[in-house]
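A short write-up of the structure that comes next.
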């Protein structure tokens, strides 16, 4: 499927792609994040996106040791596959993978940096409440594996996800997004509650009122 998406990028005349570019700010129990990203979507409902973000980390873990302060950088790609279209309802599954590089300024761990591979699966439903407003509800199944300094489960869990997409103009979207749930990781981790909320702007030329499921 990913090869099909890349083929469509090379042959846009056959795919009829739409494009969006955006930026968002996120506040979470673990810290704050700023991100930018771009996305291509086709008439079939398939979407391919790329994103990059930087994080001011309030709390994280390296080999199970707590990091009380640090910075992190994430690069990710995601693929959206359509499952159902019925009137104003769209059901998709979103697959995201990437890497996160963390550098700690304060930690009790033997090392002050780590590399984590990210793999998330998110079934999502989008309902058009009106031409300008879309409601999104679903959940995120996350699995993050630390590969440096050693192999270990960084985080695993399930988060409820919800949000609103509004289109004040045919080319611009305002996005509100939130997710919350329980995660655990590393041997002996007793589990933690993760919550985050984001606000963003997206430029979606000519498709802001019709392309809300992203």
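Once segment 73-158 is represented by equal point scatterers at the alpha-carbon sites, with solvent omitted, what log10 I(q)/I(0) does the Debye formula produce at q = 0.11, 0.19, 0.22, 0.26 Å⁻¹?
-0.44, -0.87, -1.02, -1.22
Most mobile of 110, 149, 170 per a Gaussian network model of the chain (Cα springs, under 10 Å)?
Comparing 110, 149, 170 in a Gaussian network model of the chain, the most mobile one is 110.
Relative contact order of segment 2-203, please, whole-number percent, based on alpha carbon pairs below 8 angstrom and at least 6 residues apart.
Answer for segment 2-203 is 16 percent.
What is the fewest-to-most order of 212, 192 by other Cβ atoms lying within 10 Å of their Cβ?
Details: 212 27, 192 15.
Ascending number of Cβ neighbours within 10 Å: 192, 212.
Compute the projected area of the convex hull of the Cα atoms of segment 92-140, averaged over all viewing directions, and report it in nm² to one decimal place.
Averaging across all directions leaves 5.5 nm² for the Cα convex hull.
Measuring from a point 7 Å past the Cα of residue 153 along Cα-to-C-beta, which residues in segment 93-116 have an amide N at less than 19 Å?
What the label zone holds, given the 19 Å backbone N cut-off, is 115-116.
At q = 0.16, 0.19, 0.22 Å⁻¹, what is the log10 ratio I(q)/I(0) for segment 124-214, with the Debye formula run over Cα points and no solvent?
Ignoring solvent entirely, the Cα scatterers give -0.71, -0.83, -0.97.
Please give the calculated 222 nm ellipticity per residue for the chain, where each DSSP H segment of at least 4 residues contributes -39500 (n - 2.57) and the sum is spread over every residue; nearest 500 deg cm²/dmol?
Computed mean residue ellipticity for the chain: -1500 deg cm²/dmol.
Need one number: convex hull volume per residue for the chain, Cα atoms only, in Å³.
110 Å³
Values in this text are rule-based calculations from the coordinates and carry no lab data. The shown structure was predicted, so the numbers you read here are calculated from the model rather than taken from an experiment. In this analysis, Cβ positions are derived from the backbone assuming ideal geometry, glycine residues included, and neighbour counts consider all displayed protein chains.
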